[in-house]
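Each remark here refers to the structure printed beneath this line.
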Amino acid sequence: MNNTAVTLQTSKKILIFLYVICIFVFLFMSLFFLHIKSEYFRKSLDARLASALSYNGVVRASYEAIDGDPLAKIDLLGLSVRPPENAAGKSKWFFTSNRATLSLHPLSHIFSYLTRSGIPAELNFYASRLVIDGETSEIGVISNKLSVDYGPEEGQALARYDTSFDIASGYIKTAQASPVTIRGAADIKNSLHGLKGFAAAQNVALTIPGREAGSRLTYNCAGAGLDFGYDAEKKIFSMYSSEVRLDTCSVNIAKIVHGFLSGTLGVELRASGLNTADIFRAFPVSKLLVMSESAEIALEYAGNSEDLRGGSLAVRLCFTRARLLEYNTEENRVFSDVGAGDFVTSLGLTPELVARAETVEALISLRGRELTVESLKIQAPDYTFKASATADYNDRLDGRFTLCIPRRILKNNTLKADFSGMEKGLKIYGRIMGDLYNPLIIYDMDGAAIIKITEGVMYDKIRNIFKK
């Protein structure tokens, strides 16, 4: 009996202790939730959010008012996001939303809040707009999810996010069933410490206005999967992608790294199936253009975004089914066939034959502010062209070239010169002068060719003198 009584007394003490603990927990949670619902907490939250959104390293954000219940959802009214005032680049942009809603639901996720791990939230935007250089895009947010894990150090947290949205403007539009998705994670320690993520757009239509009135560059089927990262301490942005699709073109971005403070820039990419004809018709960059339905490009660059000419560059180009066109608005010859000079034309190589280049290969490098075309080869049905040239820091060109014309073309020359003895055709040498934007070609005639061409002409002149 004594043992039974002792056991009952012990059980009562344990129950009373548990009741007291439960009362303290209840009082603590009640005070905690009352504190969350208090005006003091709302003002404190307002001040903390305003401080967090004013971080100058990446973006500068602000809002007009805060509303809602922290135990359910918080509304930020009149949200505006802009680049920092000292941001590099000439492009001006800003993002606005009439209302941004942050849904927390701490009561339904009380254990996540108590353990400070995987705290879930949903962030949705309403009536959102993205304006870049005066052009407005409407954004419809489909879903937004955010979760936060707090670290052992005060102020440190790991935020994970997942968002999906569609976008529509005059220049970009996502397919209805294929929105843009972004997934990522950010390390936050008092402010943004690091950011890594992935963005994908499987089906997007792009329209880019061209340089000339009415011209544009259009991709009806575009898509990309991009991995990106941002180091907030060093302010370095990095991005790479296994494939970016632009209709028939496929681009592999091995890396794009840009330091916002130092201006350092590193780019490595490969492109295949590029239609340069569409690009150059929208953006004619020089008087001589290589139009190709399928070009391959390999590019590596290391330098500074504020002084691109001071970096190092290596480019390999290969144009197939190519055509050489001349862009010259001064003489009203927009995208006309490239000629080969009066002398070569008189030998039968007409602009039509010259323009049909077929295959163009080039190797270009940039070192010490000098841009060098180490090799340029045009393998056309009716001629072969090989050249190399260097452009100094003032863009002045200095180079040499060799033009080989087969005998079957020379038979049609208007000078009526006899090239029957030249089985390998005519080889003409020359110099490349002028500048990058207006290259000039000067022919140095082959000695044997000059004799063959002029001997008949000189004979006729002498005969005419004696006739007189």
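The values are calculated or read from the model by the stated rules, or taken from the named source; none is laboratory data. Only a predicted model underlies this, so the values are computations on that prediction, with no experimental measurement involved. Please note: Cβ atoms are built from the backbone with ideal geometry, for glycine as well, and neighbour counts cover all protein chains shown. Only protein heavy atoms, including side chains, enter the accessible area calculation; ligands, DNA and RNA are left aside. Shrake-Rupley method; radii C 1.70, N 1.55, O 1.52, S 1.80 Å.
Flag: Leu299 does not match the condition of being open to solvent by 40 Å² or more (accessible area, probe 1.4 Å) and assigned to a loop (DSSP other than H, G, I, E, B). Going by the conditions given, is Ile450 at pLDDT below 75 and either open to solvent by 60 Å² or more (accessible area, probe 1.4 Å) or not in a strand (DSSP E or B) (or both)? Judged against the criteria, Ile450 is a match. Given (1) farther than 29 Å from Ala277 by Cα; (2) free of Cβ contacts under 8 Å to residues at least 40 places away in the same chain; (3) in contact with a Ser or Thr (Cβ under 8 Å, 6 or more places away or on another chain), where does Ser420 come up short, assuming only one miss? All conditions pass for Ser420, except number (3). Counting only strands (runs of 3 or more DSSP E) wholly contained in the stretch 151-235, the ones carrying 2 or more residues that are under 26 Å from Ser117 (Cβ atoms) occupy 156-168, 180-189, 191-209, 216-231. On the stretch given as the stretch 407-421, residues that are at pLDDT 75 or above, assigned to a loop (DSSP other than H, G, I, E, B) and surrounded by 18 or more Cβ atoms within 10 Å (Cβ to Cβ) total 0. Among the candidates Asp67, Asp75, the residue that is at pLDDT 80 or above and open to solvent by 80 Å² or more (accessible area, probe 1.4 Å) is uniquely Asp67. Determine, yes or no, whether Pro351 is closer than 19 Å to Ile441 by Cα and over 27 Å from the mean Cα position of the chain (by Cα). Yes, satisfied.
Exactly one of (1) open to solvent by 60 Å² or more (accessible area, probe 1.4 Å); (2) under 19 Å from Leu123 (Cβ atoms) is unmet by Gln202. Its number? Single failed check for Gln202: (2).
Here Val344 fulfils each of the conditions (1) open to solvent by 30 Å² or more (accessible area, probe 1.4 Å); (2) over 29 Å from Ala282 (Cα atoms) apart from (1). If the condition is being among the hydroxyl-bearing types (Ser, Thr, Tyr), exposed (fewer than 15 other Cβ atoms within 10 Å of the Cβ) and part of a strand (DSSP E or B), then the stretch 237-274 contributes only Ser242. So, in the stretch 222-236, of the ones that are under 18 Å from Ile188 (Cβ atoms) and of a type in the set (Gly, Ala, Ser), which residue ends up surrounded by the fewest Cβ atoms within 10 Å (Cβ to Cβ)? Only one residue tops the list, namely Gly229.
The residue that is farthest from Ser169 (Cα to Cα), among those in the stretch 102-123 that are in a strand (DSSP E or B) and open to solvent by less than 30 Å² (accessible area, probe 1.4 Å), is Ile119.
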